[in-house]
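J.: Dumping the structure here so I can ask a few things about it.
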Amino acid sequence: MNPLETRGKSRLILWVLLAVTLILYGFPFVYLLLTSFKTPLDAIAVPPTVWPEQWTLENYVSALSREGVPAALINSVTTAVISTVLSLVLAVPAAYAITRFRTPSGRVFIIAALVTRMVPTIAVGAPLVEIMRSLGLTDTSFGLALAHTTISLPLSIWLMASFFEAVPDELDEAAKVDGCSRLQALWRVVLPVVTGGLAVTAIFAFLASWNEFLFALLLTSVRAQTTPVVIANFQTQFGLDWGGMTALAAVYSVPVIILTLFLQRQIVAGLTLGAVKG
Amino acid sequence: MNDRRFALLLMLPAAAFLAVFVLWPLARFVYDSFFVISPFAGAPREFVGFANYAAAFASEAFQNAAVRTVVYTLIVVIAEFTLGLAVALLFTALGHRSAVFRTIFMYPLMIAPVVAGLLWRFLLIDNFGIVNELLYRAHILASPDQIQWLSDPNIALFAVALPDIWLTTSFITLVLFAGLQNIPGEVVEAARIDGARYPRLLFSIIIPLLRPVIAVALIVRGIDAARAFDIILIQTDGGPQGSTTTLSLLIYRTMTRFGDPGLASAMGTVYLFVMLAVAIAAIMLIWRPGSTAR
């Protein structure tokens, strides 16, 4: 039991306090969900109501059938998947090398990767437009995924390094004694031990791309546009359609929230690890 | 092949990727800051030395945006830390039975900043925002449109910070909660026996023991808040009267709308180097090699 745990009567007060905090904290998104089920007119009623007078799926139907919306949802998935795979493929060997061989170059590299996280997005994004153009990757999901990987790769290296750190070196040694090459030791012996860590890293890489906005705004226009950009354009393009906007926001957020509830143990591990280590 | 070579080989792909897609763009960005560039692709550029920097520092817009970025970062970090610590202590005091609630508390972390910005704009909007309506019904406000959250230049910077605080207080909470689990019980018990009350316990024992965790959490959040872009763009687009134009927005606007990539790059380069300097100084202070398991 944690020494800071409280017993007795004050516990009840704390539970009430916690309940109030959670209601306040949960309210914005609950309100978004409730609004998405109102009629478009009710959604902007004055004065506003919390509960829908009439439940309807109208907003969902209109938002999802809008030009560009289904494509944007597909683009978001495609970009996030490519970026996640790329991030893992690059991060796993690098993190393994950093933790297993402890060379000076490894130490320099992991700090350099950490510093990358501090760069303002706009400073990378603007020149990336030119670079993507010269690579012929303008307005493609692959080009955007490359840009997103600049965000997720440093974090992935840090997370994977922490997970590898927890695996004893003796495991690799034993694998080598059994005749594995160094690469085989990583692939067949160490990697299966850190599948949990691999999953955490994948989730974070996926989320980084899924929620990213500025690169998507700069690097895509029509074909590869992702959902956050479409959501941002909603108001100007279609007038003040708060009902449709809340519906699309719900479609975009609810699946990841549900996924998180299932994987919360891993995600908490990743968040605290990522923060405590950098 | 020796270990050192093998390690280099394994790091090479990731290093090459970061060199091509981060270092090279950054170098170009800094290089561009010495030119006057026409916004049209392929148009001529003229080398002007530090003229863009002089223009940036002389520009009132740049000075104001820099101040706003600092203020915004402070608002976000202070609010998140205070709330985050309070909730982390609450969870700790309630013990393992609070696990389910910790999960629920975490959900905003998964929401895209664009969605959060939009949602809060909807909550705070002048005529039909639910926040003012609820405050009005609770008799805190005299009329539902008394506070013009996002259109009053005096408070807009605070209002645009709300979604950022809402989105990531959970992050601070989780990190501090994890730190609180590692506080040695004997120290707390000993202080209790010596008659220390809770505030004393908090400021003399808990916070000092959490120092490294607190520092890392604040740096991570501070950097992210100083880079905030989407969350502000979607709520106010930098307005009203430029009162929420932080550096990210000003640089973006100088680049795209006003069509002066050279000046934007000079502003961005200053921003970049200040961020790196602050961050590296902070890392040096906290990250003492050899002090942890690493």
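J.: Considering the options B:ALA15, B:GLY242, A:PRO3, tell which one lies farthest towards the positive end of the dipole of the protein assembly as shown, charges being +1 on Lys and Arg and -1 on Asp and Glu at the Cβ, about the Cα centre.
T.: A:PRO3
J.: When the helices in the protein assembly as shown are scored as -39500 (n - 2.57) per DSSP H run of 4 or longer and the sum is shared across all residues, what 222 nm value do you end up with, to the nearest 500 deg cm²/dmol?
T.: -23000 deg cm²/dmol
J.: Hey, rough spin-label estimate for B:HIS96 and B:ILE207, points 7 angstrom out along Cα→Cβ, what's it come to in nanometres?
T.: 3.1
J.: Also, quick follow-up: Exposed loop sites here are GluC sites (Glu not before Pro) in DSSP loop states with at most 10 other C-beta atoms within 10 Å. What is the longest stretch of chain A lacking them?
T.: Answer - A:68-278.
J.: Which Cα, out of B:ILE75, B:PHE122, B:ALA88, lies furthest along the positive dipole direction of the range B:53-133 (beta carbon charges, K/R +1, D/E -1)?
T.: So the residue furthest toward the plus end is B:ALA88.
J.: Still on this model: Can you pull a Stokes-Einstein diffusion coefficient for the protein assembly as shown at 4 °C (1.567 mPa s), Rh from Kirkwood over Cα pairs, as a whole number of µm²/s? The partial results should precede the final answer.
T.: Numbers: Rh = 25.3 Å.
The calculation lands on 51 µm²/s.
J.: Using 0.36 nm per residue of separation minus the Cα-Cα distance, give me the extension gain between B:ASN64 and B:TYR198 in nm, one decimal.
T.: Length gained between B:ASN64 and B:TYR198: 44.1 nm.
J.: Around B:PHE35, which amide H atoms from residues at least 5 apart in sequence, or from another chain, sit under 5 Å from its own amide H, with H modelled in the peptide plane?
T.: Hits under the 5 Å cutoff: B:VAL48.
J.: With +1 on the Cβ of every Lys and Arg and -1 on the Cβ of every Asp and Glu, and nothing else charged, how large is the dipole of chain B about its Cα centre, in debye rounded to the nearest 20?
T.: Result for chain B is approximately 800 debye, rounded to the nearest 20.
J.: Which ³J(HN,Hα) values in Hz, rounded to whole numbers, follow from the phi angles of the range B:215-226 under the Karplus curve 6.51 cos²θ - 1.76 cosθ + 1.60, where θ = phi - 60° and Gly and Pro get x?
T.: With coefficients 6.51, -1.76 and 1.60, one gets 4, 5, 4, 5, 5, 4, 5, x, 5, 5, 5, 5 Hz.
J.: Evaluate the charge dipole of the range B:140-237 about its Cα centre and quote only its size in Debye, nearest 20, assuming +1 on the Cβ of each Lys and Arg and -1 on the Cβ of each Asp and Glu.
T.: The dipole of the range B:140-237 has a size of about 420 debye.
J.: From other protein chains only, count the Cβ atoms within 10 Å of every residue's Cβ in A:95-103, then give the mean.
T.: Mean partner shielding for this stretch: 5.
J.: I've got another one for you. For the range B:188-269, run through the trypsin sites (Lys or Arg not before Pro) and keep only the ones in DSSP coil with at most 16 other Cβ atoms within 10 Å of their Cβ.
T.: Taking the range B:188-269 and a limit of 16 other Cβ atoms within 10 Å, the loop trypsin sites (Lys or Arg not before Pro) found are B:ARG197, B:ARG257.
J.: B:ALA16 versus A:ILE23, label points 7 Å from Cα toward the beta carbon: distance in nm?
T.: 5.9
J.: Residue by residue, what Karplus-based ³J(HN,Hα) values in Hz, rounded to whole numbers, does the range A:28-43 have, using 6.51, -1.76 and 1.60 with θ = phi - 60° and x for Gly and Pro?
T.: These are the phi-based 3J(HN,Hα) values: x, 6, 4, 5, 4, 4, 4, 4, 5, 9, 8, 6, x, 6, 4, 4 Hz.
J.: Right, next: Explain nothing, just the number: dipole magnitude of the protein assembly as shown about its Cα centre with +1 on each Lys and Arg Cβ and -1 on each Asp and Glu Cβ, in debye rounded to the nearest 20.
T.: Charge dipole, the protein assembly as shown, about its Cα centre: 1320 debye, nearest 20.
J.: Hey, what do the phi angles of the range B:271-276 turn into as Karplus ³J(HN,Hα) couplings, whole Hz, using 6.51/-1.76/1.60 and θ = phi - 60°, x for Gly and Pro?
T.: Each residue of the range B:271-276 in turn: 4, 4, 5, 5, 4, 5 Hz.
Read the figures in this text as sums done on the coordinates, not as results from a lab. Because the structure is a prediction, the values reported are computed rather than measured. Neighbour counts run over all protein chains shown; Cβ positions are idealised from the backbone, glycine included.
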